[in-house]
Amino acid sequence: MTSILTNSSAMVALQTLRQINQDLDTTNSRVSTGLKVGSAADSAAYWSIATTTKSDNGALSAVNDALGLGASMVNVVSTALQSVITSLTDIQNLLTTAQQPGVDRAKIQEQITADLNDILTKSTGATFNGQNWLSVDSSADGYNATKSILASFDRSGTTVSVSTIDLDITSVKLYDADSEDGIMDTERTAGGTDAAVKDIDISALTDSADDITIVSEYAQIVQAALAAVITANAKVGAIQNRITSQQTFVKALMDANTKAIGALTDADMEEESTKLKALQTQQSLAVQSLSIANSSSQNILTLFRQ
């Protein structure tokens, strides 16, 4: 039955066209943005997971930056300690030479003093980002012997936490202006001699047996300090390895998160391009169908013509 009041065919054609246009808008949006889930309205669950993961990646990026700063600080410390090892070795060699009768110990002391000044200069200069772990003042406000480097960001449900890589510089510092218990300024005992490495002075010593013994004991004190610096640099090296390993892990984790976000939200461009062409064809056909349905009422007029 054909009615001039209700055009059912046109209504069906219009409804179909509206649905096709809606699907076409969705596909156009996916093609233009590259996203199948661009907002919570597209998929609340996927959008929520992707947004949280993006937030985590932002936190991990901050952790990676902190690891980079920490690595730079540790590299400065390690470089300085390695140089101090060289200077202490030189001092030890000079003290060995000073045990030979007849040598000019005043001249040898000049070289020892130069090495000691060089160690002090390198210790005070081993500063990065306002921090110095080798020359400290433990009485200063806010002083903390434990140096922490932000290492990771963790999420468990709605709870987030961070962890750090810690280094206690008590056994690493060379000088402490307050307690004088650094490697260079702490007083050590060898035989009957008590002295800190920084205070060693052989310029007035003679060839007497007692003075030669003092020089030998100074050499033992320097050897103890040298062993302490080597141990300190080994600790710093272990921290360097941990930082490098953590940097690699954090970068890999960020890449994995990025891939997970893409799997949840990225549009399949091959699929969407195919849909786009199909919907464009359906739209053209729907428009023609609606045009035909609208013209059917006009055909009734021919029934009333003579």
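Any read-out appearing in this document is the output of simple, stated calculations on the displayed coordinates, not a laboratory observation. Note that the structure is a prediction, hence the values are computed from the model and not measured. Virtual Cβ from ideal backbone geometry, glycine too; neighbours counted across all protein chains shown.
Over the chain, dividing the summed -39,500 (n - 2.57) contributions of all DSSP H runs of at least 4 residues by the number of residues returns a 222 nm mean residue ellipticity of -23000 deg cm²/dmol. The convex hull around the C-alpha trace of the chain, projected and averaged over every direction, spans 26.3 square nanometres.
I need the calculated FRET efficiency for the pair residue 117 and residue 249, taking r as the beta carbon distance and R₀ as 25 Å, to the nearest 0.05.
On the way: r = 42 Å, r/R0 = 1.69.
Calculated transfer efficiency: 0.05.
What does the charge add up to near residue 217, with Lys and Arg as +1, Asp and Glu as -1, over the other residues with Cβ less than 12 Å from its Cβ? The partial results should precede the final answer.
On the way: positive: 188; negative: 194, 210, 211.
Value of the local net charge: -2.
Note on region 65-265: dipole from Cβ charges, positive end direction compared against 264, 117, 145; the farthest Cα belongs to 264.
Estimated from the Cβ-Cβ distance and a Förster radius of 35 angstrom, the FRET efficiency linking residue 106 and residue 127 is about 0.55.
About its Cα centre, what dipole magnitude does the chain give when the only charges are +1 on Lys and Arg Cβ and -1 on Asp and Glu Cβ, stated in debye to the nearest 20? Write down the numbers at each step before the final one.
Details: 19 positive and 34 negative charges, 575 e Å.
Around 2760 debye, computed over the chain.
Taking 73, 11, 269 in turn, the Gaussian network model of the chain (Cα-Cα springs below 10 Å) assigns the largest fluctuation to 11. Highest mobility in the GNM of the chain, judged by mean-square fluctuation with C-alpha springs under 10 Å and restricted to 293, 50, 106, is found for 293.
DSSP bridge analysis restricted to the chain gives an antiparallel fraction near 90%, rounded to the nearest 5. Note: relative contact order over region 1-135, using C-alpha pairs below 8 Å and six or more positions apart, is 18 percent. For region 70-175, applying the loop criterion from DSSP together with a ceiling of 11 other beta carbons within 10 Å to the chymotrypsin sites (Phe, Trp or Tyr not before Pro) yields 143.
Near residue 47: Cβ cut-off under 11 Å, other residues only, Lys/Arg at +1 and Asp/Glu at -1. The net charge is +1.
Considering Cα pairs under 8 angstrom that are at least six residues apart, work out the relative contact order of the chain and quote it in whole percent.
Values: 349 pairs, mean separation 94.6, N = 306.
With pairs under 8 Å counted, the relative contact order is 31 percent.
How big is the charge dipole of region 193-242 about its Cα centre, in debye rounded to the nearest 20, if each Lys and Arg gets +1 on its Cβ and each Asp and Glu gets -1 on its Cβ?
Values: 3 positive and 7 negative charges, 136 e Å.
Roughly 660 debye, rounded to the nearest 20.
What FRET efficiency would be calculated for the residue pair residue 301, residue 274, taking the C-beta separation as r and a Förster radius of 45 Å, to the nearest 0.05? The calculated FRET efficiency here is 0.55.
Using a cut-off of 13 Å between beta-carbons, work out the net charge of the residues near residue 160 (Lys and Arg +1, Asp and Glu -1, residue 160 not included). So the environment of residue 160 carries a net charge of -1. Candidates 273, 296, 106 compared by Cα position along the dipole of the chain: farthest toward the positive end lies 296, with charges placed on Cβ.
Putting +1 on Lys and Arg Cβ atoms and -1 on Asp and Glu Cβ atoms, find which of 78, 34, 127 reaches farthest to the positive end of the dipole of the chain. Toward the positive end, the furthest listed residue is 34.
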